Amino acid sequence: MQGSTLTENQFLRSWTNELYLWYSEVPDQNPASYSTPNYFNLLKTTAVTTSGKPKDRFHFTYSTAEWRALSQSGVEAGYGAQFLVISSSAPRKVVVAYTEPGSPATEPPANLARGAQVLTVDGVDLVNATDSASIAKLNEGLFPSSSGASHTFSVLDAGASAPRTITMVSANVTSSPVQNVGTIRTAAGTVGYLLFNDHIATAEQALVDAFRRLSDAKVNDLVLDVRYNGGGYLDIASEVAYMIAGPGPTAGRTFEKTVFSDKHTTRDPITGQPIVPMPFHATAQGLSVPEGQALPTLNLPRVTILTGANTCSASEAIINGLQGVGIEVIQVGATTCGKPYGFYPQDNCGTTYFSIQFKGANEKGFGDYPDGFSPANATGSIGVPVPGCFVTDDFDHALGDPAEARLEAALGYMVNGTCPVVPAGPSAVEAGEIQTRREGTLHRSPWRENRILRR
Amino acid sequence: MNHVWRQTVAASTAAALFLAGCAQRKSPPEVPAILTNPTGQSRAELTRVLSEAMNGVSVTLADDALTGTDTLILGPAARRDAKEMNLGGRETRRPEHFRLVKRGSQCVLVHVETGRSWILASATCSPR
């Protein structure tokens, strides 16, 4: 039953005061003076991070019906090409970040691959169009919300001198969250590589298979590529960390502890249960592998993690969790998104509210990385420094190709401990900002309407 | 919650064995199954049944759901906020698991976490 605006606002005010992580930083506004959306927008901290970003960038609402929607694990309407929007307004740039095997994007005649740049959609100039009708067509074509939609694209493949025209029909594509698992022989020994794109349920089985394969190959180092991994099941992040480090450094220790506001230090205020730290899972959690099955391990003292601006949340938890138990983490790529936070979504009157209620802290109690993690030699707006190298994304090579810039830098750092030279710009800060902008934004969801590409 | 999947399977098996031992007329054995020759009608039925099982929420499936494996996992659909930030970053809920079994000539969908089951009248299936 719909309540009055005042009662809804009063509910939100009380809810925020009780559960918001930074409740004491919220200015107390009169709930009778605002519409509910406007009032909710005020119910957050106005503080900024060290880099100047808003401290709370994760305060939003969602239609409850859409929020509760379910999908078969990893299934989403699209073509199987993950488009990276490097510039969303004219002159726009959209490239393929990676593809899903067996999808419309990778099947003939489309044969799309990483690095292909989209130039037109259904005849609309993607780079330069500015009118609303054209932009609507671009979004509709690039990000179909259902299967069976046919659209025509002009694409410039990586390394090609002339564009080609393809037509793809959208489908409910099943993603492969772990790809390109392999080994690379280097002067430092045999290095394992795996591309891990999504912490979805089916990733549990794929990761177990990947780590078992790398264990059988007796790798003595690992490159974990999570540059496009925005998070998901935290249990899977814990499993990944365990499979990297093994039981020695992780047994009986905390992968991540949930920290609520100072009003709730012992019990989870939503579930009422005692706050119990999440351990490093040594066995499968029953997501797609039978619960209790022992996980393979590499028992490595260090790991190199490839990152970017789309590396978020549960992916960042892997970095933080491993650092908490003394595993050497080397970061190659760009600054991560900076989301050590979580929430219990709250439904009310058809709207689901999201307000930060907890942060995740590691064994050492550290969980403050709102500006993300940054390779130590990064410039510009940076987060918590991690040893490693700032390297921009390289769309001219396949992910997992030892010549791909980030992987190449990672392999070089393993051998000689040095980084590629960061290209000089007008200033170090500007160079960093340019590098950050080049990261682009990854889009997976169908619920976008016209807001991805803008005028 | 972590133990639900395994425990429910074990409980179902035990119950099935018990019933098999006591019933005057034996129930047809259940065997893991996959869908064969799915049609638009059978896919729609599968989607509808899953939605009903999940209290009416929208459910998106692959066209080949349950055709290569007897297990189907449902999780949160991918979502972003108005600024296109990924909302699924720190998921602590559990996915839902369904298994397809063939019981006699019937194709039956079983919700592993609860043991509830539904006959898929439009589907054809064969032992996996």
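Could you look through segment A:182-237, keep only residues that are touching a residue at least 60 places away in the same chain (Cβ under 8 Å) and polar (S, T, N, Q), and pick out the one that is nearest to A:Ser315 (Cα to Cα)? Top of the filtered list is A:Asn229. Looking across segment A:210-233 at every residue that is assigned to a loop (DSSP other than H, G, I, E, B), within 14 Å of another protein chain (Cβ to nearest Cβ) and on the phi < 0 side of the Ramachandran plot, the one that is nearest to the chain's Cα centre (by Cα) is identified as A:Gly230.
In this entry, A:Gly272 is excluded by the filter for residues that are without any contact (Cβ under 8 Å) to a residue 24 or more places away in the chain, more than 22 Å from the chain's Cα centre (by Cα) and within 11 Å of another protein chain (Cβ to nearest Cβ). Look at segment B:89-105: where a residue is within 13 Å of chain A (Cβ to nearest Cβ) and a partner is of a type in the set (S, T, N, Q) and assigned to a strand (DSSP E or B), sitting 6+ places away or on another chain with Cβ atoms under 7 Å, you get B:His97/B:Thr71; B:Arg99/B:Thr71. Checked against the criterion of being assigned to a loop (DSSP other than H, G, I, E, B), of a type outside the set (Asp, Glu) and closer than 30 Å to A:Lys359 by Cβ, the candidates B:Ala78, B:Ala121, B:Ala65 yield just one match: B:Ala78. Within segment A:114-133, the set of residues being small (Gly, Ala, Ser) and surrounded by 16 or more Cβ atoms within 10 Å (Cβ to Cβ) comprises A:Gly115, A:Ala116, A:Ala129. The residue of segment A:179-196 that is farthest from the other protein chains (Cβ to nearest Cβ), among those that are in contact with a strand residue (DSSP E or B) (Cβ under 7 Å, 6 or more places away or on another chain) and farther than 20 Å from A:Gly388 by Cα, is A:Thr183.
Regarding A:Ala105, is this residue touching a residue at least 40 places away in the same chain (Cβ under 8 Å), part of a loop (DSSP other than H, G, I, E, B), under 23 Å from A:Asp396 (Cα atoms) and in contact with a Pro (Cβ under 7 Å, 6 or more places away or on another chain)?
On the way: touching a residue at least 40 places away in the same chain (Cβ under 8 Å): yes; part of a loop (DSSP other than H, G, I, E, B): yes; under 23 Å from A:Asp396 (Cα atoms): yes; in contact with a Pro (Cβ under 7 Å, 6 or more places away or on another chain): no.
Taking the combined requirement at face value, the residue does not satisfy it.
Just one of the numbered conditions (1) without any contact (Cβ under 8 Å) to a residue 40 or more places away in the chain; (2) farther than 20 Å from A:Val178 by Cβ; (3) among the hydrophobic types (A, V, I, L, M, F, W, C) is not true of A:Val325: (1). Of all the numbered requirements in (1) basic (Lys, Arg); (2) more than 10 Å from every other protein chain (Cβ to nearest Cβ); (3) closer than 30 Å to B:His97 by Cα, A:Arg68 misses one, and that requirement is (2).
Among the criteria (1) out of contact with any Phe, Trp or Tyr (no Cβ under 7 Å at 6 or more places or on another chain); (2) more than 20 Å from A:Thr307 (Cβ to Cβ), the one A:Ala210 does not fulfil is (2). Among the residues making up segment A:331-352, those that are in contact with a helix residue (DSSP H, G or I) (Cβ under 7 Å, 6 or more places away or on another chain) and surrounded by fewer than 24 Cβ atoms within 10 Å (Cβ to Cβ) are A:Pro345, A:Gln346, A:Asp347, A:Asn348, A:Cys349, A:Gly350, A:Thr351, A:Thr352. Among the residues of segment A:12-43, which ones are closer than 20 Å to A:Thr352 by Cβ, in a loop (DSSP other than H, G, I, E, B) and in contact with a helix residue (DSSP H, G or I) (Cβ under 8 Å, 6 or more places away or on another chain)? Passing the criteria: A:Val26, A:Tyr34, A:Ser35, A:Leu43. For segment A:380-394, the set of residues classified as closer than 12 Å to A:Ala309 by Cα and charged (D, E, K, R) consists of A:Asp393 only. Against the list (1) surrounded by fewer than 24 Cβ atoms within 10 Å (Cβ to Cβ); (2) within 21 Å of A:Arg212 (Cα to Cα); (3) away from every other protein chain (no Cβ under 14 Å); (4) in contact with a helix residue (DSSP H, G or I) (Cβ under 7 Å, 6 or more places away or on another chain), the condition A:His281 fails is (3).
Applying the condition of being of a type in the set (A, V, I, L, M) and in a strand (DSSP E or B) to segment A:293-330 and asking which residue is surrounded by the fewest Cβ atoms within 10 Å (Cβ to Cβ) yields A:Ala294.
I'm trying to understand the selection: among the residues of segment B:91-128, which are buried (at least 18 other Cβ atoms within 10 Å of the Cβ), out of contact with any strand residue (DSSP E or B) (no Cβ under 8 Å at 6 or more places or on another chain) and modelled with pLDDT of 95 or more? Result: no residue meets the conditions.
Just checking, how many residues over segment A:141-198 are within 19 Å of B:Asp63 (Cα to Cα), of a type outside the set (Gly, Ala, Ser) and surrounded by fewer than 16 Cβ atoms within 10 Å (Cβ to Cβ)? The qualifying residues number 1.
Taking the criterion of being assigned to a loop (DSSP other than H, G, I, E, B), at pLDDT 95 or above and more than 28 Å from the chain's Cα centre (by Cα), the residues of segment A:146-197 that qualify are A:Ala160, A:Ser161, A:Ala162, A:Pro163.
Go through segment A:331-387 and tell me which strands (runs of 3 or more DSSP E), entirely inside it, have 3 or more residues that are more than 11 Å from chain B (Cβ to nearest Cβ), in contact (Cβ under 8 Å) with a residue 40 or more places away in the chain and farther than 23 Å from A:Ala410 by Cβ. Step through it out loud before you land on a result.
Details: elements: A:346-348, A:351-354, A:358-361, A:373-375, A:384-386.
Result: A:346-348.
Consider A:Glu256 carefully, then state whether it is buried (at least 24 other Cβ atoms within 10 Å of the Cβ), acidic (Asp, Glu), facing chain B (nearest Cβ under 10 Å) and in contact with a helix residue (DSSP H, G or I) (Cβ under 8 Å, 6 or more places away or on another chain). Considered against the rule, which asks whether it is buried (at least 24 other Cβ atoms within 10 Å of the Cβ), acidic (Asp, Glu), facing chain B (nearest Cβ under 10 Å) and in contact with a helix residue (DSSP H, G or I) (Cβ under 8 Å, 6 or more places away or on another chain), A:Glu256 comes out as yes.
Surrounded by 22 or more Cβ atoms within 10 Å (Cβ to Cβ) and at pLDDT 95 or above: is that true of A:Phe373 in this structure? Reasoning before the result, please.
Working: surrounded by 22 or more Cβ atoms within 10 Å (Cβ to Cβ): yes; at pLDDT 95 or above: yes.
When the stated conditions are applied, A:Phe373 passes them.
Only residues that are part of a loop (DSSP other than H, G, I, E, B) and crowded, with 16+ Cβ neighbours inside 10 Å: list them for segment A:234-253, please.
A:Gly246, A:Arg253 - these are the residues of segment A:234-253 that are part of a loop (DSSP other than H, G, I, E, B) and crowded, with 16+ Cβ neighbours inside 10 Å.
When you go through A:Gly286, A:Gly326, A:Gly292 one by one, which is the residue that is away from chain B (no Cβ under 14 Å) and at positive phi? Sole residue among the options that is away from chain B (no Cβ under 14 Å) and at positive phi: A:Gly326.
If the condition is being in a loop (DSSP other than H, G, I, E, B) and not hydrophobic (A, V, I, L, M, F, W, C), then segment A:108-141 contributes A:Pro108, A:Pro109, A:Asn111, A:Arg114, A:Gly115, A:Asp122, A:Gly123, A:Asn128, A:Thr130, A:Asp131.
Scanning segment A:295-323 for residues that are more than 11 Å from chain B (Cβ to nearest Cβ), polar (S, T, N, Q) and within 18 Å of A:Ala376 (Cα to Cα) returns A:Thr304, A:Thr307, A:Asn320, A:Gln323.
The values are calculated or read from the model by the stated rules, or taken from the named source; none is laboratory data. None of these values were measured; they are calculated from a predicted model. Don't worry about glycine lacking a Cβ; one is built from the backbone with ideal geometry, like all the others, and counts go over all protein chains shown.
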